[in-house]
Amino acid sequence: MSVIVLVEHTEGTIKKKSLEAVQYAAEIAKKLGTTATAVATGKIADTELQGLGAYGAQKVLYVADDRLNDLHARAITRVLVAAAKQENSPVIVTLHDVNGRAIAPRVAIQLKAGLISGALSYPDTVKGFVVKKSAFSGKAFAYVNATSEVKVIMLAPNSFQLNKTEGAATVENFSVNFEDKDFGVKVKSVDKITGEVPLSDAELVVSGGRGLKGPENWGIIEDLAHALGAATACSRPVADAGWRPHHEHVGQTGGTIRPNLYIAAGISGAIQHLAGVSGSKTIVVINKDPEAPFFKAANYGVVGDLNEVLPRLTEAVKKFKA
Ligand code: FAD
């Protein structure tokens, strides 16, 4: 018996949010007195797979099929279901992301399992199998008790701090008999966003709010992000107004991030915004209003006009790095 966790990768590098999912699965396994087994598909080097041991996976079931570098939900469902049956898994963990949304419900149906989406906590196994999850697009929390024998849990990314330890996982090749219909979706081309640090994995983030006044002023956010090697983010009204793409919106109804450094310029610090960023290690707030609520959550605050402060900060970073 073991807890199964699906890992995702980008061109062979396991995503940070998947390391978190492995750690999460390992903690559940410990509670249940068993081990965690990661399931990986596509082209990934052995050393990368073995590295999952440092996050608590004892074993990796690896399907070395290059077709699975792309999201083929039916094929990956087939892999997970086969792995869960082989391992007699009481719990299967995926991420609550684009891939997880396509795969986890399929797995749950096939295994007649209960599905918990948007999980934010470890299950409380004393009172049953109770998991805290976000509900109504993050407007509320719900505590769900899964009573089915098998449970599928979709973990909300960046809910937990990563703790790397020692250890290497053993890698076992795993084979599954696919059918043509498993690859019904054809990926014709992939448009890569170049030069950008993915927000969910970023250690440094520069974020802008309505105080920027319009998309034409975003250059000063991007200049600082570029100088630091940081990702860019924004508040919800900014994304709603179309100034920035929706994937940059952080907060209760957007992404949750836990970078080492979060620099927020022209953001008031509403509770819904803080819900997505308060796990950041260091928060720097730049706002012209000394009464802005964000200052209460900040480690460092600059009361000033962002149009003056941001370019000066960028220059200072460039000088420091030179
Ligand atoms: P504002 O509140 O307008 O703040 C702009 C700030 O910029 C002000 O503090 C101002 O002093 C400052 N400023 C202006 N000019 C300058 C200048 N030149 N230099 C320096 N500072 C300046 N919001 C989110 O961000 N994420 C969410 O996920 C989210 N989910 C929500 C869910 C629900 C159900 C609801 C009701 C709301 C949600 N919101 C969310 C909206 C949230 O309540 C706030 O309205 C929003 O965060 C405010 O965005 P803002 O700080 O960019 O804008």
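The values are calculated or read from the model by the stated rules, or taken from the named source; none is laboratory data. Every value quoted in this text rests on a predicted model; they were computed, and no experiment measured them. Virtual Cβ from ideal backbone geometry, glycine too; neighbours counted across all protein chains shown. Accessible surface is based on the protein model in full, side chains and every heavy atom, while ligands, DNA and RNA are left aside. Shrake-Rupley method; radii C 1.70, N 1.55, O 1.52, S 1.80 Å.
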If you scan the range 201-219, which residues turn out to be within 16 Å of the ligand (Cβ to nearest atom) and crowded, with 21+ Cβ neighbours inside 10 Å?
-> VAL205, VAL206, SER207, GLY208, GLY209, GLY211, LEU212
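Please specify each residue of the range 63-88 satisfying the condition of being small (Gly, Ala, Ser) and either open to solvent by less than 10 Å² (accessible area, probe 1.4 Å) or in contact with a helix residue (DSSP H, G or I) (Cβ under 6 Å, 6 or more places away or on another chain) (or both). Don't jump to the end; show me each part of the working.
As a first pass, look at the range 63-88 and keep what is small (Gly, Ala, Ser): 64, 73, 75, 82-84.
Scanning the range 63-88 gives ALA73, ALA75, ALA83, ALA84.
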Within the range 220-244, of all residues that are over 15 Å from VAL285 (Cα atoms) and in contact with a Phe, Trp or Tyr (Cβ under 8 Å, 6 or more places away or on another chain), the one most open to solvent (accessible area, probe 1.4 Å) is TRP243
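Quick one: which residue in VAL284, VAL302 is within 23 Å of the chain's Cα centre (by Cα), aliphatic (A, V, I, L, M), modelled with pLDDT of 95 or more and open to solvent by 10 Å² or more (accessible area, probe 1.4 Å)? Give the steps one after another, and end with the answer.
Details: VAL302 fails: within 23 Å of the chain's Cα centre (by Cα).
Going through VAL284, VAL302 in turn, just one is within 23 Å of the chain's Cα centre (by Cα), aliphatic (A, V, I, L, M), modelled with pLDDT of 95 or more and open to solvent by 10 Å² or more (accessible area, probe 1.4 Å): VAL284.
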Within 30 Å of LYS186 (Cβ to Cβ) and either outside any helix (DSSP H, G or I) or open to solvent by less than 10 Å² (accessible area, probe 1.4 Å) (or both): does that describe VAL60?
-> yes
Of all residues in the range 117-166, how many are small (Gly, Ala, Ser), surrounded by 11 or more Cβ atoms within 10 Å (Cβ to Cβ) and either within 16 Å of the ligand (Cβ to nearest atom) or not in a loop (DSSP other than H, G, I, E, B) (or both)?
-> 9
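Looking at the range 242-260, which of its residues are over 14 Å from GLU203 (Cα atoms) and charged (D, E, K, R)?
In the first step, residues of the range 242-260 are kept if they are over 14 Å from GLU203 (Cα atoms); the result is 242-255.
Within the range 242-260, ARG244, GLU248 qualify.
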Assuming VAL238 fulfils every condition listed in (1) over 18 Å from the mean Cα position of the chain (by Cα); (2) part of a loop (DSSP other than H, G, I, E, B); (3) within 8 Å of the ligand (Cβ to nearest atom) apart from one, which condition is it?
-> (2)
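What number of residues within the range 21-52 satisfy the criterion of being part of a helix (DSSP H, G or I) and in contact with a helix residue (DSSP H, G or I) (Cβ under 8 Å, 6 or more places away or on another chain)?
Qualifying residue count, the range 21-52: 4.
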For the range 270-286, the count of residues that are more than 7 Å from the ligand (Cβ to nearest atom) and either among the small types (Gly, Ala, Ser) or at positive phi (or both) equals 3
Which of the residues that make up the range 168-180 are open to solvent by 50 Å² or more (accessible area, probe 1.4 Å) and more than 14 Å from VAL79 (Cα to Cα)?
-> ALA168, THR170, ASP180
Determine if the range 245-259 includes at least one residue that is surrounded by 18 or more Cβ atoms within 10 Å (Cβ to Cβ), in contact (Cβ under 8 Å) with a residue 40 or more places away in the chain, under 22 Å from VAL309 (Cβ atoms) and away from the ligand (no atom under 14 Å from the Cβ).
-> yes
Search the range 186-198 for residues that are aliphatic (A, V, I, L, M) and surrounded by 10 or more Cβ atoms within 10 Å (Cβ to Cβ) and pair each with any residue that is in a loop (DSSP other than H, G, I, E, B) and at pLDDT 70 or above when their beta-carbon atoms are under 6 Å apart and the residues are at least 6 apart or on different chains.
-> VAL187/ASP70
